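Everything on this sheet refers to the single structure shown next.
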Amino acid sequence: MKFARYFVSFGILTLVLSVGAFAKDNHSGNFTLFETVRVGSTQLEPGQYKAQWTGSGNEVKVDILQNGKTVATAEGTIKELGQPSPYNAVTTKTLQNDTKVVDEIDFNKRSEALVLAGE
């Protein structure tokens with residue numbers, strides 16, 4: 001009887017802990033750059049990237065990864081969209097010195113966008 005209770009308790013604990021491993025990561029998203037842009041002090045070439053962030057609301061730390069390695073970091077905020085974005089999109093802005101910087105990243109089927117801190 002005691003063994004059965006421990007076995008059931010162990011089974012429930014294992015199930016609860018494994019659910020977290022399959023949970024969707026809400027703090028990351030993939031995007032594509034089609035032109036050379038800057039994020040923070042780093043210039044990024046066209047290609048596939050992943051944004052990961054920690055924090056919420058008006059204070060998030062953003063890591064930009066390519067092939068699993070962090071290539072740029074920046075500060076930013078989370079912007080709530082009125083409805084989910086129909087696709088991934090990167091909005092850039094041009095500074096006075098003609099340098100393009102990433103301003104906002106929208107993620108497919110998500111109602112939040114990542115706004116990077118401006119220059």
Exercise for review: Figure the gain on full extension for residue 50 and residue 75 (residue separation times 0.36 nm, minus the Cα-Cα span) and round it to one decimal in nm.
Suggested key: 7.5 nm
**Study point:** Dipole moment magnitude, nearest 20 debye, region 21-87 about Cα centre, only Lys, Arg, Asp, Glu C-beta charged
**Key:** 100 debye
Check your understanding: Does region 48-119 classify as rounded, prolate or oblate by the C-alpha gyration tensor (a ≥ b ≥ c root eigenvalues; a/c under 1.5 gives rounded; else a/b over b/c gives prolate, otherwise oblate)?
Key -> rounded
Review point. Hey, with R₀ at 41 Å, roughly what FRET efficiency would residue 111 and residue 42 work out to, going by the Cβ-Cβ distance, to 0.05?
Key: 0.90
Practice item. Can you pull the one-decimal nm distance between simple spin-label points at residue 92 and residue 26, each 7 Å off the Cα toward Cβ? Key: 3.2 nm
Review point. Taking the Cα centre of region 53-104 as the origin and placing charges on Cβ (Lys, Arg +1; Asp, Glu -1), which of 70, 97, 56 is farthest toward the positive end of the dipole?
Key: 70
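Each reported figure results from applying straightforward, stated rules to the coordinates on display, with no laboratory input. All values reported here derive from a predicted model rather than from experimental measurement. All Cβ positions, glycine included, derive from the backbone under ideal geometry; neighbour counts span all protein chains shown.
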